[in-house]
Amino acid sequence: MTTQKFDCGRYQHRATRFYAKQMIACGALAVFLLGGAHAFAQTPDSVKTLEEVIVRDVRVSNTAPLTTSNVTHKELDEARGAVSIPFMIETMPSVVASGENGTVGATSLRIRGVDASRINVNINGITLNDPESQTVFWYNIPNIGGMTQSMQIQRGVGASTGGSPAFGAAINMQTLNAKGSPYGSADIGFGSWNTRQYSLSAGTGIMKSGLSFDFAYSGLTSDGFLRGGGTDQQSFYGGLSWYGHRTLVKLLAIVGSQTSGITWDGADSAKLNADPTYNPSGEYEMDGKVMYYPKETDNYWQQHYQLYVSHLLTDQWSIKGVLNFTHGYGYYEQYKADKKYSKYSIDRGGKTDFVTRKLMNNNSITANLAANYNGEKLTLSFGDNLLYFDGYHYGNVIWVRDTAFQLPKEFEWYRYHGNKTDNSVYAKANYDFNPNLNAYADLQLRTVNYKLSGVTDDLKNINFNENYLFFNPKAGLNYRFSENQRAYFVAGISNREPTRSDIKDALANGDTVKAETMLDIELGYQIAKNRWAFKANLYAMLYKDQLTPNGRLSSSGYSLMENVERSYRLGIELEGGYQIARWMRLDANVTLSTNKVLDYTFSNFNDADSIVKLPDGTWTSLDVKKNTPLAMSPSIIGAAIATFTPIKDGKIQLIGKYVGKQYADNTGRECYAIDPYFLLNLRASYTWHLQNSNEIEAQLVVNNLLNHKYRLSAWVGDWYDDWSSETAISYYHSRGWLQQPGINFMARVMYRF
């Protein structure tokens, strides 16, 4: 057997990595601090108030007329067997979680059919979305759920925050709060595909000096469901807080690193029918044999450093200031078989095989200043959020098969620069007319300047400089029939700019890409009793120039988008829970919706259908114009949880998730449909209570209990041949799939003290 060596050199990581000595040092520091004197420096209520100031201008209470779901730390902790945030919250209304490689590696989510790049995610009020792609890559900060104290999901336009506004939902996370006494926990898990999950967290509690230190470390390694889909993810969270009488100062560090196999390529049905774990990434031929490049990986290191100051000026007034610095560095390393030298700007004829790295190196600074007023009838929040981003995208050829060609060291074939300034000024008010009725208003003025310049990876000059001015107003009414029953109405407008990949793809094709606008109208009702609760929400999301997936992928795995002039999402969300008995509870939600593009023009054909040239020299057409389903927007999304507690400290949950039929592009053609699927998961746990409040919990999670075989869409595309005849052109469909795993499990053991 012939073997191939790749003399690519040794890559030195220029960002934070984690090693055993560092972990031991962190643990020793925590033990030292845990052994120190401690006491509540403030009352629990004052500590809570100071913490709430940090998120008050992005979170809303149940008196605000917004459609929300709250997730507690306990609920997140119970769901950590699901590994990443999208799967931890997939039972929330209108949420669809997906993964390229099961639940490990690259995962994402949609809410109401809206993709992740249009969901505003913030942590302690600071946007977590990448300023250029406008999305959150959850595996870049593994176990962020374990660092989170609580989470609020706001569906629809959501409350104003920094960064790009919500176009389908906002996810507001709050990091771990200090506790009144020292604590610690250790967690270890093992699951399918040789998945190993481990974490350690500890905190001093608030000491007599008012200081508190909290830290969390987490790691995950897995071979992955797909061939070559292994992953190694690590994260660190450190928080140093000082609680004064009316002041809180927090210094946080959140650091993540990940190396994962590339799994976004998908594969055709024939390949997956023969081998469900098939992954074409890194595949090439040598001496007639199929080989796989072993370093076909996605690598990224991300660091967030945040300083928070909150201060209670009076019993009614509070202020906060935030400063955030984020650094990101990473690359895709890929084997490119039989490519032209000219593709990599090499002045040489012919083709050969290459190994390339597409790199990115970026920094961003965010500053936020806000004030809050909490009066008897009026509450106010207003502030300014300024973000500055500076980043480079560039590519190196690091190996060439042709030994006759001398490759320059770290040969760079492209480089372009992105620069973005984003400033949001906002004001929010809630006024109580009487004990039952209150009004809510939220105004945001946002200015954005975005520049791109240089040479792209397809060797095209890019020169983009655009200024955007957006006004995003929201207003609504909330009526309380009683303490546990309310109805609300809200309407809001959201505007947002296109992403880097939207702009880059449009310019490459000689097109223009527009900013998009949404009018969101919501009408909701909620009631909660001792043993049952019910919520209903009607929504109408009306779009102009919405950017929606066209079914294709970029070379780096991004979904390519297209503006559609007019489109809408109309739906109803129903959710409820019932405590049937002391030992049994049922919770369920369902979203029923219709999601359409109006007057969409596309070519409608069956494979091998042709257009012909007429005697006058014109061509016949296969184009049609009609209303079609919006891409990746199922009309039915549902979830149900049956919770059984047959014995004290023991819990069994059956969790069902249903996602209805959807389409990979905006044409609604059946050849690009994605079949509906239903998944049934099992989660069982038991807790042993030890002395001094210590406890051990064992948990077993079995996903896809019914071993359902299903696939998600990777990409679709139309193609044609015009070489067979000068008078006819035949059209064909093609598509790639992401095979999803069958039954799989994760077992965890947790020790808390």
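The values are calculated or read from the model by the stated rules, or taken from the named source; none is laboratory data. Because the structure is a prediction, the values reported are computed rather than measured. Backbone-built Cβ (ideal geometry, glycine too); neighbour counts: all protein chains shown. Surface areas here come from the heavy atoms of the whole protein model, side chains and all, with no ligands, DNA or RNA. Shrake-Rupley method; radii C 1.70, N 1.55, O 1.52, S 1.80 Å.
For a straight C-alpha distance cut-off of 16 angstrom, the aspartates and glutamates reachable from Lys648 (same-chain residues fewer than eight places away being disregarded) are Glu695, Glu697. The relative contact order of the chain comes to 10 percent, based on Cα pairs under 8 Å that sit 6 or more residues apart.
In Å², and per residue, what accessible area does the chain have when probed at 1.4 Å with the other protein chains present? Can you show the working numbers first?
On the way: 31810 Å² over 753 residues.
Counting only protein heavy atoms, the per-residue value for the chain is 42 Å².
Straight-line reach from Lys420: which aspartates and glutamates fall under 20 Å, measuring Cα to Cα and dropping same-chain residues less than 8 apart? The reachable aspartates and glutamates, counting only those whose Cα sits under 20 Å from Lys420, are Asp130, Glu132, Asp384, Asp390, Glu466, Glu497, Asp502, Asp505, Glu516.
Straight-line cross-link partners of Lys409 among the lysines, defined as a Cα under 21 Å from its Cα and at least 8 positions apart when in the same chain: Lys5, Lys295, Lys336, Lys339, Lys340, Lys343, Lys351, Lys358.
For region 632-680 versus region 104-128, the spacing of their alpha-carbon centroids is 19 Å.
The GluC sites (Glu not before Pro) of region 669-753 meeting both criteria, a DSSP state outside H, G, I, E and B (loop) and at most 10 other C-beta atoms within 10 angstrom of the site's C-beta, are Glu726. Of Lys271/Lys626; Lys514/Lys625; Lys74/Lys535, which pairs sit farther than 32 Å apart, going by alpha carbon to alpha carbon? Result: Lys271/Lys626 exceed 32 Å. The 1.4 Å probe gives accessible areas that order Glu75, Glu565, largest first, as Glu565, Glu75. Evaluated with a Cβ-only charge set (Lys, Arg +1; Asp, Glu -1), region 217-294 carries a dipole of roughly 680 debye about its Cα centre, given to the nearest 20. Against the empirical curve 2.2 N^0.38 Å, the C-alpha radius of gyration of region 194-301 lands at a ratio of 1.68.
Mind running the shape call on region 61-158? Use the C-alpha gyration tensor, a ≥ b ≥ c as the square roots of the eigenvalues: rounded below 1.5 for a/c, prolate if a/b tops b/c, oblate otherwise. The shape class here is rounded.
For the pair Ala673 and Asp232 in one chain, pulling the backbone fully straight at 0.36 nm per residue adds 155.4 nm over the alpha carbon distance. Compute the helix-to-body angle for 44-55: its Cα long axis versus the longest principal axis of the chain, expressed 0 to 90° and rounded to tens. Once rounded, one gets 30 degrees.
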